[in-house]
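This report concerns only the one structure given below.
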Amino acid sequence: MLATIYRFYLMGLTVSVIITIISLIVWLVYRMSRRLDRTKKERQALLYEAFIIFLVTTPILSFAFMAILVMVTA
């Protein structure tokens with residue numbers, strides 16, 4: 001039982017990592033294409049924000065995707 005829950009959590013974690021990375025790459029490319037960040041300091045702040053967003057949203061989304069995977073397989 002515990003192994004099954006762990007497996008669902010790891011699957012949800014991988015899905016959330018993939019979706020978060022893809023969305024952050026799209027966001028960064030959008031900002032780079034519009035040239036919204038002019039100075040080096042602004043670009044560094046943007047990368048820092050992206051890293052913090054990744055760290056905060058990945059665990060939350062992993063539980064959400066785990067719940068979806070449990071409902072789909074049930």
In the set MET66, MET1, MET32, the lone residue that is out of contact with any Cys (no Cβ under 6 Å at 6 or more places or on another chain), exposed (fewer than 11 other Cβ atoms within 10 Å of the Cβ) and not aromatic (Phe, Trp, Tyr) is MET1
Inter-residue pairs, beta-carbon under 7 Å, first closer than 22 Å to TYR9 by Cα and in region 37-63, second hydrophobic (A, V, I, L, M, F, W, C), 6+ apart:
ILE53/LEU24; PHE54/LEU24; THR58/VAL17; LEU61/ILE19; SER62/LEU13
Subset of region 39-70, residues among the aromatic types (Phe, Trp, Tyr), over 25 Å from ARG7 (Cα atoms) and under 10 Å from the mean Cα position of the chain (by Cα), comes to PHE51
If ARG43 satisfies every condition in (1) among the charged types (D, E, K, R); (2) surrounded by 15 or more Cβ atoms within 10 Å (Cβ to Cβ); (3) not in a helix (DSSP H, G or I) but one, which is the exception?
(3)
May I ask you to list the residues in region 22-38 that are at pLDDT 90 or above and over 20 Å from the mean Cα position of the chain (by Cα)?
SER33, ARG34
Among the residues of region 1-45, count how many are farther than 20 Å from PRO59 by Cα and small (Gly, Ala, Ser).
2
When restricted to LEU10, LEU55, the only residue part of a helix (DSSP H, G or I) and surrounded by 11 or more Cβ atoms within 10 Å (Cβ to Cβ) is LEU10
With SER33, SER23, SER16, SER62 as the choices, which residue is under 30 Å from ALA74 (Cβ atoms) and out of contact with any helix residue (DSSP H, G or I) (no Cβ under 7 Å at 6 or more places or on another chain)?
SER23
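The values are calculated or read from the model by the stated rules, or taken from the named source; none is laboratory data. Small disclaimer: the values here were computed from a predicted structure and weren't measured. Heads up, the Cβs are rebuilt from the backbone with ideal geometry, glycines too, and the neighbour counts pull from every protein chain shown.
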